[in-house]
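Below is one structure, written out as structure tokens; comments come after it.
The values are calculated or read from the model by the stated rules, or taken from the named source; none is laboratory data. Every value quoted in this text rests on a predicted model; they were computed, and no experiment measured them. Cβ atoms come from the backbone with ideal geometry, glycine included; neighbour counts cover every protein chain shown.
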């Protein structure tokens, strides 16, 4: 064992050498000490509950049904997709827990000390898009809340880009609140998620009970869920895309999960916490979304998919206030954990001496606005077939390379100090491991044509799909497999 590494437990390694002078080092990217690894199974599970209970999850099942599925097919697809993505999630999390390292630092082992910026920035760009989406939704919730409690709020009728001024104001207020939290650092996220998780679960349960009671029972609600279908389609035709979208929903977190598990108390805590917190919560909250939306057809005579619009139908100011609080917390917890931590570290990795975690977070917040999230959510078809499936192809390729490198090539053994050296093993001479970059390009190439076709087709579904279009619907699976095996082949079975 390298004498610079102090082994505290069989599952932990801690850096003993002072590498603070390295250009690859700052306090935010430095490996966590044993004392900093305090996140329990509950903290990890609460993290996933906080990230999963969000409006985009609420809308996910309904979007599958609108494409032609029935309610149980949609739920089965979501459960299967989240169970599948849990596997790379746990595998990538292992390095974070064992070595205390974040995602961009882990990427240095496979892509090189400079090359790590390629997967890190690809991941960061996707996070910026998600940050914008969740901020836009959170802003609309604040907009509805302000409208409900103050009649003068909606009187600001002037518009910018077809959107009322009061909606823009609510959006930027929600954005500013998140920037304040960014300035507090990552430890605050642990406590935010832990106290918010019970509130979010309670809010979802209350909404489901209300919908079932008001619509004459849960059985009656589910029997009428077919009313949410806007088109008819064979299940097996839309299943591949829906499954890939379900996997793609958390394909980003399956890469940067070390950003959180570097604080875990043990491998058991990270594995059990994720298994308990992810698949069930995602499926349960998507089910609530389907059930409540179906109930609105019975109660109001029309499907109200947006929970913010639904809450505005209530007469009680107290009910509206509680519901909006739940939505506000849901958007906040998801954005802070899922869409700020990773890009903050990723941007910091570009120039660790100049860009801190906080600076990276501010960059994320700004880019999130520039990506125009209101356009990304323009339709459910675009959301599923262009956004979710499209970026899943990139994330799958990176995931395949990382898992192959850590589990097959290196057998979970990393030179922790070497990850912060410009002239060490992971510098690969030029700072780039061209084999990893080649594997990434080759893995993504087969799905590019399908992505372009989906992106240029209204609704994202190509009318007469060819082979490459069909291949694109399996984007994450295709790129993960190619990335894994091409990297393994290029690197060789044995390392010198």
Somewhere in region 368-375, is a residue in contact with a helix residue (DSSP H, G or I) (Cβ under 9 Å, 6 or more places away or on another chain), closer than 15 Å to residue 138 by Cα and crowded, with 23+ Cβ neighbours inside 10 Å?
yes
So which residues in region 185-223 are surrounded by fewer than 16 Cβ atoms within 10 Å (Cβ to Cβ) and not in a helix (DSSP H, G or I)?
185, 216, 217
Exclusive hit being touching a helix residue (DSSP H, G or I) at 6+ places or on another chain (Cβ under 6 Å), in a loop (DSSP other than H, G, I, E, B) and closer than 23 Å to residue 31 by Cα, set 113, 97
113
Verdict on residue 239 being surrounded by 18 or more Cβ atoms within 10 Å (Cβ to Cβ) and either over 20 Å from residue 301 (Cβ atoms) or modelled with pLDDT under 90 (or both)
yes
Using the structure shown, decide if residue 140 is over 17 Å from the mean Cα position of the chain (by Cα), buried (at least 18 other Cβ atoms within 10 Å of the Cβ) and over 16 Å from residue 402 (Cβ atoms).
yes
Check off (1) over 25 Å from residue 206 (Cβ atoms); (2) at pLDDT 85 or above; (3) over 20 Å from the mean Cα position of the chain (by Cα) for residue 233 and give me the number that stays unchecked.
(2)
For region 31-81, what are the residues that are buried (at least 20 other Cβ atoms within 10 Å of the Cβ), more than 30 Å from residue 230 (Cβ to Cβ) and out of contact with any strand residue (DSSP E or B) (no Cβ under 7 Å at 6 or more places or on another chain)?
32, 41, 43, 45, 46, 47, 48, 49, 50
Would you check which residues across region 160-175 are in contact with a helix residue (DSSP H, G or I) (Cβ under 9 Å, 6 or more places away or on another chain) and free of Cβ contacts under 8 Å to residues at least 40 places away in the same chain and list them?
160, 161, 164, 166, 167, 168, 169, 170, 171, 172, 173
Quick check: is even one residue across region 265-272 in a loop (DSSP other than H, G, I, E, B) and crowded, with 21+ Cβ neighbours inside 10 Å?
no
Sort out which residues of region 433-467 are surrounded by fewer than 16 Cβ atoms within 10 Å (Cβ to Cβ) and either within 16 Å of residue 388 (Cβ to Cβ) or modelled with pLDDT under 95 (or both), and write them in order of number.
448, 449, 452, 455, 456, 458, 463, 464, 466, 467
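Residue-wise test of (1) in a loop (DSSP other than H, G, I, E, B); (2) modelled with pLDDT under 90; (3) closer than 30 Å to residue 237 by Cα.
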residue: 14; (1), (2), (3): no, yes, no
residue: 26; (1), (2), (3): yes, no, no
residue: 56; (1), (2), (3): no, yes, yes
residue: 62; (1), (2), (3): no, yes, yes
residue: 83; (1), (2), (3): no, no, yes
residue: 86; (1), (2), (3): no, no, yes
residue: 104; (1), (2), (3): no, no, no
residue: 118; (1), (2), (3): no, no, no
Test of understanding: among 90, 149, 85, 180, which residue is surrounded by fewer than 23 Cβ atoms within 10 Å (Cβ to Cβ) and either under 30 Å from residue 14 (Cα atoms) or within 15 Å of the chain's Cα centre (by Cα) (or both)?
90
Among the residues that make up region 434-449, is at least one of them without any contact (Cβ under 8 Å) to a residue 60 or more places away in the chain and assigned to a loop (DSSP other than H, G, I, E, B)?
no
Condition test on residue 267, is it touching a helix residue (DSSP H, G or I) at 6+ places or on another chain (Cβ under 7 Å) and at pLDDT below 85?
no
Evaluate region 395-413: report whether one residue or more is closer than 30 Å to residue 20 by Cα, surrounded by fewer than 24 Cβ atoms within 10 Å (Cβ to Cβ) and without any contact (Cβ under 8 Å) to a residue 60 or more places away in the chain.
yes
Unique residue being part of a helix (DSSP H, G or I) and surrounded by fewer than 22 Cβ atoms within 10 Å (Cβ to Cβ) when the list is 295, 275, 330, 245:
275
Assess whether residue 309 counts as being more than 17 Å from the chain's Cα centre (by Cα), within 16 Å of residue 62 (Cβ to Cβ) and not in a helix (DSSP H, G or I).
no
